[in-house]
1. Per 0.36 nm of contour for each residue apart, how much would the distance between Ala17 and Leu131 grow if the chain were fully extended, relative to their Cα-Cα spacing?
2. Of the heavy-atom accessible surface of the chain (probe 1.4 angstrom), what whole percent is carbon and sulfur?
3. In whole angstrom, note down how far apart the Cα centers of the range 1-33 and the range 214-228 are.
4. What FRET efficiency do you get for Glu110 and Leu84 if R0 is 22 Å and r is their Cβ-Cβ distance, rounded to the nearest 0.05?
5. Using a 1.4 Å probe and ignoring any ligands, DNA or RNA, find the accessible area of Met109 and quote it in Å² to the nearest 10.
6. What do you reckon, how do Thr212, Thr82 stack up by accessible area (1.4 Å probe), largest on top?
7. Check the range 138-228 and count each lysine pair with an alpha-carbon distance under 17 angstrom, considering only pairs eight or more places apart or from different chains.
8. Out of these labelled values of semi-axes √(5λ) of the Cα gyration tensor in Å, (i) 33, 22, 16; (ii) 23, 21, 17; (iii) 32, 18, 16, which was calculated from the coordinates shown here?
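The values are calculated or read from the model by the stated rules, or taken from the named source; none is laboratory data. Everything numeric here is computed off the predicted structure, so don't read it as measured data. Here the Cβ positions follow ideal geometry from the backbone for every residue, glycine too, while neighbour counts run over all protein chains shown. Side chains included, ligands, DNA and RNA excluded: accessible areas come from the protein's heavy atoms. Shrake-Rupley method; radii C 1.70, N 1.55, O 1.52, S 1.80 Å.
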Amino acid sequence: MNIPHLLLVEDEVKVAAFIKKGLERQNFTVEAAADGREGKALIDKNKYDLIILDVNLPYMDGIELCAHLRTRDTQTPVLMLTALGTTADKLAGFDVGVDDYLVKPFDFMELIARLKALLKRSANANEKSDLLHVSDLELDLAQKVARRGGQTITLTAREFDLLEYLMRNRGRVVSKVDIAENVWDIGFDTGTNFIEVYINYLRKKIDKDSPTKLIHTVVGMGYTIKEK
């Protein structure tokens, strides 16, 4: 069994030492960087199974660092550590390709559970088929490209993941809880509306210029993608 190779970018020395030591006891190998500039250098040099970023970092913050990563790597899972937990903060991270958030202070075993879930999803994604279709909508998983009617559609990493989940469940109604657990790997927080926000993002990109709408809301139940 391969030992997961992680990068931790955290500027608080004691926090970084605590996380690194704990992860190594759980059989992870961990490289650590103390600021965004050092983290960027390691990302550009090495390949990791998962990256843990703090939001507030010297020289380059976690959002900027994740955005840089996604210009060259759309696959590696990213977990963001933050002292803030607002919807706006999470959406900013999700827009640049953050896969999950964990708010400080956190229980260490919750961190382990989140990391294992992200690593499992990443491994499963590598084993899936490369093309998905619904009507004239095509999702190329290998190239990370969406097309409708032959025209390329630009999606963020999170929009792509959400569309992939809907297309893999074509014709089936998926609830907000289903989406939160399977796309974001988190329990659904009824105090936020980030799922509706992302569904609307997809609608504008997928359905706006087409007479045939594919993404549908089933009131009180959730969402589905299908031809009417």
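1. Working it through step by step, the gained length comes to 36.8 nm.
2. 51 percent
3. 42 Å
4. 0.80
5. 110 Å²
6. Thr212, Thr82
7. Summing the qualifying lysine pairs gives 9.
8. Looking at semi-axes √(5λ) of the Cα gyration tensor in Å for this model, the match is (iii).
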